[in-house]
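Scroll down for the structure; my scribbles are underneath it.
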Amino acid sequence: MHIPDGYLSPSTCAVLYAGAAPFWAVALRRLQRRLAGRFVPMLALVAAFSFVVMMFNLPLPGGTTGHATGVALATIVVGPAGSIVALSVALLIQALFFGDGGITAYGANCLNMAIVGSLVAWACYRIIAGRAPLTSRLRVVAAAVAGYLAINASALCAAVEFGIQPMLFRDALGTPLYAPYPLHIAVPAMMIGHLTFAGAAEAVLSAGVIAYLQRTNVGLLRDTAPGAVEDASLPAIDVLRPLWLALGALMVLTPLGLLAGGAAWGEWSARDLADPAARARIVAVSGSAPLPSGVPHGLAGLSTVWTAPLRGYAPPFLQSTALGYALSAMFGAGLVLLTVFAIRGMLLKARAR
Amino acid sequence: MTAAVIHRGFVEKTLTSLLHALERASSSERLAEQRGLLQHVDARVKLLGCLALIVAAAVSRHLDTLTLLFAAIAILALVSRVPLHLLTRAWAIIFVFTAAIALPALFTTPGQSIATVAGIPVTLQGLRSAAFLVDRVESATTLGLVLISTTPWPQIIAALRSLRVPAAVVLIIGMTYRYIFVLLRSAEEMFIARRSRSIGRLEGAVRRRMATATAGVLLGKALALSDEVYLAMQARGFRGEVRTLEELRMRGRDWTAGALFTAAAIVAFWQGLR
């Protein structure tokens, strides 16, 4: 998972550094505001812990062993901002001092593991655990799922970064200059190991340590569980949680849309109306009502006004339509959530004034 | 490989990883105190110089430039007294690892076929692509090794500070590095203690519980230690401002080294992008 120097082009590395920078800035500012001087030793020790825990060989079901990053664990104990900074520091020391991960690829490694990993782990943990009591079994399950999904989201990011290299960077002979495998090879090659061993290692570590802390040091779980019910007999389900779970399930299931062939009735494009075979299909599903000859003038004119960047829910660089569907779902849902949260933030600010 | 090695449990494997990390760090610190060429150069010059050459290796679009750059880096490593056995071991490990990753590219990359292996055509583009990857990774890793083997850690921290990395981040990095050893030792002791009171082979679930409980104890210790460190810092007057002890000053030879690094990087960029 630690991308070394040489696998990604310098321009990709620069973009990923730029992508990581705002997260570092916001995380540091939040921590400074919340913890004042205390954040320095706390993050140093959590970073040192992350470094050491990455060396643990965890026994996995089936008799093998595997390494974990501890990203979900760090997120559950110190929150996403703390985890982003602590893991970034651990990754820097690994890159500079131990040659694990490149220096030019440091931004990429941080974005994949520290930032995406922490945010995915945080979202999963909070959505699944909801307001469950600190000692609830649900928190152990939430930690396992958070660890499993966080490491797989990180691996998917790394795979996409590898996979776009041969499309973008080739010499005059057509030689890929960096990571040589396109997306349809890079994504499965990377994900097979992470969906099985690495994901299992992360789930085992997160769930095992959370279960241990529940028995011995439950206070460490309190900071990231606001609103956790103290009385285990009260219902712990957050009203929004089923909706979040349903949204996640729908995103994963979007490739099912591929099972339905052809265009939806009435959603025909100018290209469909110009293609005789498509025209015949449209007439067949419209009760044999005749179509206007050629493409209507207004449709032809308006269809070129705006070209969507993710046309047909499949970004042009992706070879797999199913993956394109799932990524488009995540991208679209992310944009909608971002807009809603931004509007909510503005409204709350206006109300506070 | 002996049967004992094959049946090593997770405790032994983890102990080996922990000891290996400790050993690597202490050997780097010993090397940084040697009297080689780069050991006398200012850490900022080395950090920026090595970074410029890593980027030059990354942008190069020509295998001959990359190979020459790698040769120059190898000479730089040798005159800086990075031991040959350390270099050859690093090169061999990287070669095996990167070549294993790049090998299928010989067959999967579309292009002009130059040979066939077991009936599958090898393409020129695939071969060149694999060579690019190996060459780049070897060059960048050797530069990283040269930087770390010739620069004591406190000087790297001071260099980061003078290159405008925020003071709090530099302080966190410095403290992390020191406490990694404390926690490595702690983890090592816990695993040795556990091993010395275990007999026979434990069940999978028990072993998992044991490993995660050790990680849990270590996390608890780390956070308790962070509270104690904060109190100790406050007791010594820490009020949030960060100062570093190491003051770096540029001397004549540092400027010369800086000029040489710049010239080398410019030539490498120019030749790599020609």
* Structure fact -> Checked A:Leu35, A:Leu43 against criteria (under 24 Å from A:Gly82 (Cβ atoms) and surrounded by 24 or more Cβ atoms within 10 Å (Cβ to Cβ)); the one match is A:Leu43
* Go through (1) surrounded by fewer than 24 Cβ atoms within 10 Å (Cβ to Cβ); (2) facing chain B (nearest Cβ under 9 Å); (3) closer than 18 Å to A:Ala159 by Cβ and name the single condition A:His2 misses. => (2)
* Asked: How many residues, within the range B:61-81, are within 14 Å of another protein chain (Cβ to nearest Cβ) and within 19 Å of the chain's Cα centre (by Cα)?
  -> 3
* Asked: If we keep just the residues of the range A:142-173 that are touching a strand residue (DSSP E or B) at 6+ places or on another chain (Cβ under 9 Å) and without any contact (Cβ under 8 Å) to a residue 40 or more places away in the chain, which is farthest from A:Ser320 (Cα to Cα)?
  -> A:Arg170
* **Meets criteria (within 12 Å of another protein chain (Cβ to nearest Cβ) and more than 30 Å from B:Phe95 (Cα to Cα)) for A:Val46** => yes
* **Filtered residue count, the range B:123-159, keeping only those that are of a type in the set (S, T, N, Q) and in contact with a strand residue (DSSP E or B) (Cβ under 9 Å, 6 or more places away or on another chain)** => 3
* **Pair list, Cβ under 7 Å, 6 or more apart: the range A:72-101 residue over 25 Å from A:Val218 (Cα atoms), other residue of a type in the set (Asp, Glu)** => A:Gln94/A:Asp100
* Say whether the condition of being buried (at least 23 other Cβ atoms within 10 Å of the Cβ), within 30 Å of A:Ala225 (Cα to Cα), more than 14 Å from chain B (Cβ to nearest Cβ) and aliphatic (A, V, I, L, M) is met by at least one residue in the range A:186-203. => yes
* **Failed item, numbered, when A:Tyr178 is tested on (1) modelled with pLDDT under 80; (2) surrounded by 14 or more Cβ atoms within 10 Å (Cβ to Cβ); (3) in a loop (DSSP other than H, G, I, E, B); (4) within 28 Å of the chain's Cα centre (by Cα)** => (1)
* Asked: Among the residues of the range B:42-60, is there at least one that is surrounded by 15 or more Cβ atoms within 10 Å (Cβ to Cβ), free of Cβ contacts under 8 Å to residues at least 60 places away in the same chain and more than 11 Å from chain A (Cβ to nearest Cβ)?
  -> no
* Taking the stated definitions as given, is B:Arg136 basic (Lys, Arg) and crowded, with 24+ Cβ neighbours inside 10 Å? -> yes
* Structure fact -> When the range A:31-43 is checked residue by residue, the ones that are under 26 Å from B:Ala21 (Cβ atoms) and more than 7 Å from chain B (Cβ to nearest Cβ) are A:Phe39
* Asked: So how many residues does the range B:203-239 have that are farther than 19 Å from A:Ala203 by Cα and in contact (Cβ under 8 Å) with a residue 12 or more places away in the chain?
  -> 4
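Per-residue answers, yes or no, for (1) at the interface with another protein chain (Cβ under 8 Å from one of its Cβ atoms); (2) modelled with pLDDT of 85 or more; (3) crowded, with 21+ Cβ neighbours inside 10 Å:
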position: B:Ile93; (1), (2), (3): no, yes, no
position: B:Val96; (1), (2), (3): no, yes, no
position: B:Phe107; (1), (2), (3): no, yes, no
position: B:Gly111; (1), (2), (3): yes, no, no
position: B:Ala115; (1), (2), (3): no, no, no
position: B:Gly119; (1), (2), (3): no, no, no
position: B:Thr123; (1), (2), (3): no, yes, yes
position: B:Ala130; (1), (2), (3): yes, yes, yes
* Scan the range A:205-224 and give yes if some residue there is in contact (Cβ under 8 Å) with a residue 60 or more places away in the chain, among the acidic types (Asp, Glu) and buried (at least 22 other Cβ atoms within 10 Å of the Cβ), otherwise no. => no
* Say whether the condition of being touching a helix residue (DSSP H, G or I) at 6+ places or on another chain (Cβ under 9 Å) and either closer than 30 Å to A:Pro4 by Cα or of a type in the set (D, E, K, R) (or both) is met by at least one residue in the range A:132-139. => yes
* To do: Can you run down the residue pairs with Cβ atoms below 6 Å, 6 or more apart or on separate chains, where the first is in the range B:95-112 and closer than 15 Å to B:Phe132 by Cβ and the partner is not in a helix (DSSP H, G or I)?
  => B:Ala105/A:Pro180; B:Leu106/B:Val122; B:Thr109/A:Pro180; B:Thr109/B:Thr123; B:Gly111/A:Gly174; B:Gly111/B:Thr123
* Condition test on B:Ala167, is it surrounded by 15 or more Cβ atoms within 10 Å (Cβ to Cβ), modelled with pLDDT under 85, more than 18 Å from the chain's Cα centre (by Cα) and more than 7 Å from chain A (Cβ to nearest Cβ)? -> yes
* **Top-ranked residue in the range A:52-81 [being β-branched (Val, Ile, Thr) and more than 8 Å from chain B (Cβ to nearest Cβ); ranked as nearest to A:Phe98 (Cα to Cα)]** => A:Thr69
* Asked: Within the range B:148-164, can you find the residues that are more than 8 Å from every other protein chain (Cβ to nearest Cβ) and either on the phi > 0 side of the Ramachandran plot or not polar (S, T, N, Q) (or both)?
  -> B:Pro152, B:Pro154, B:Ile157, B:Ala158, B:Ala159, B:Leu160, B:Arg161, B:Leu163, B:Arg164
* Asked: Taking the range A:68-80, which residues are surrounded by 24 or more Cβ atoms within 10 Å (Cβ to Cβ) and either assigned to a helix (DSSP H, G or I) or of a type in the set (S, T, N, Q) (or both)?
  -> A:Thr69, A:Val71, A:Ala72, A:Leu73, A:Ala74, A:Thr75, A:Ile76, A:Val77, A:Val78, A:Pro80
* Asked: Limited to the range A:213-242, what total is found for residues that are part of a helix (DSSP H, G or I) and at pLDDT 75 or above?
  -> 8
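The values are calculated or read from the model by the stated rules, or taken from the named source; none is laboratory data. Nothing here was measured: the structure is a model prediction, and the numbers come from that model. Quick reminder, even Gly has a Cβ in these numbers, built from the backbone with ideal geometry, and neighbours come from all protein chains shown.
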